[in-house]
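The values are calculated or read from the model by the stated rules, or taken from the named source; none is laboratory data. As the structure is a computational prediction, the values presented were derived from the model and not from experiment. As a convention, Cβ positions derive from the backbone with ideal geometry for all residues, glycine included, and neighbour counts pool all protein chains shown. Quick note on the areas: whole protein, heavy atoms, side chains included, nothing else; ligands and nucleic acids left out. Shrake-Rupley method; radii C 1.70, N 1.55, O 1.52, S 1.80 Å.
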Amino acid sequence: MKLLSCKQHINVAIHNARTIWLESKQQELAHNCKTQKIKVLRVVDHKIVHDELFLFKDTESPILITTSAWRNINNSASGGVGLMIDKSIKSSLSYVKPWNKRIFIAQFNGNPVVTIIVHYSPVEGSNEAEEHYENLSTAISEVPKHNLLLIVGDYNAHLGKDAGKYTFHDKSNENGNLMKDFVQVKDLIVTNNYFQIKQRKR
């Protein structure tokens with residue numbers, strides 16, 4: 001994938017943050033992005049709570065863009081999605097759109113235009129899971145067909161052998177079945193099951 005404003009290919013990486021509400025953790029993540037030359041990093045479960053619809057934060061070189069985490073019944077911070085992008089591609093970022101507390105959309109100008117959807121699925125057994133996939137499907141329906149679409153996030157799903165040749169799990173769980181249906185209906189490819197890698201690295 002290439003963006004118009006930069007000549008290099010951009011690496012899109014994924015990161016389950018667990019928490020980066022501490023300034024030091026954000027700086028550490030930014031340092032690792034620069035060291036590994038990651039241009040776009042998907043961040044999930046960052047636990048940063050803020051009043052703004054979305055927040056741009058300059059962490060030395062990469063820019064952290066987040067939607068707010070939320071408070072659970074114990075008043076602890078939970079969730080939150082976003083991206084960390086290198087400053088070299090900031091001018092290509094045409095818009096960001098928080099869809100809801102679990103879904104975040106970013107679009108980059110280029111040829112083709114690149115749309116990245118970051119999402120955080122409810123955990124296995126949650127009664128919010130089906131609604132989440134309905135929301136995700138609705139968000140995708142607004143993306144123009146000619147865009148390069150990347151859906152990155154924490155699916156909280158186990159995909160079994162019926163979902164691909166190179167899966168880690170033998171059987172799909174409930175979230176995995178929802179994910180399979182979603183991928184099939186939207187004509188998507190699960191890329192981490194697309195290539196064979198060593199079992200211990202899956």
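With the highest mean first, a sort of the peptides 37-43, 134-140 on other beta-carbon atoms found within 10 angstrom per residue produces 37-43, 134-140. When peptides 47-57, 24-34 are ranked by their average number of other Cβ atoms within 10 Å per residue, the highest-first order is 24-34, 47-57. Across the accessible surface of the chain, with the other protein chains kept in place and a 1.4 Å probe, carbon and sulfur atoms take up 50 percent. Peptides 90-97, 173-180 ranked from most to least packed, by the mean per-residue count of other Cβ atoms within 10 Å: 173-180, 90-97. The Rg/Rh ratio for the stretch 121-200, using Cα coordinates for both the radius of gyration and the Kirkwood hydrodynamic radius, is 0.97. Entry note: the stretch 99-157 has Rg to Rh equal to 1.01, where both radii use alpha-carbon atoms and Rh is the Kirkwood radius.
Can you tell me how much longer the chain between GLN36 and GLU134 gets when fully stretched, taken as 0.36 nm per residue apart minus their C-alpha distance, in nm with one decimal? Spell out each step's value before the answer.
Working: separation 98, 0.36 × 98 = 35.28 nm, distance 3.51 nm.
Length difference between fully extended and current span is 31.8 nm.
Each principal axis of the Cα cloud of the chain was taken in turn, and the coordinate range along them, longest first, works out to 44, 44, 37 Å.
Average 1/r across all pairs of distinct alpha carbons in the stretch 55-154, invert it, and you get the Kirkwood radius: 14.6 Å. The string of couplings for the stretch 74-88 from the Karplus curve (6.51, -1.76, 1.60, θ = phi - 60°) is 8, 6, 8, 5, 9, x, x, 10, x, 9, 10, 10, 6, 4, 5 Hz, one whole number per residue in order, with x for Gly and Pro.
When shorter helices are ignored and each DSSP H run of at least 4 residues is given -39500 (n - 2.57), the per-residue value for the chain at 222 nm works out to -6000 deg cm²/dmol.
Based on C-alpha pairs under 8 angstrom that are at least 6 apart in sequence, the chain has a relative contact order of 15 percent. Roughly speaking, what is the centre-to-centre gap between the stretch 54-77 and the stretch 118-146 when only Cα atoms are used, to the nearest Å? The two parts, judged by their Cα centres, are 20 Å apart. Size check on the stretch 130-172: the Cα extents along the three principal axes, sorted descending, read 35, 24, 16 Å.
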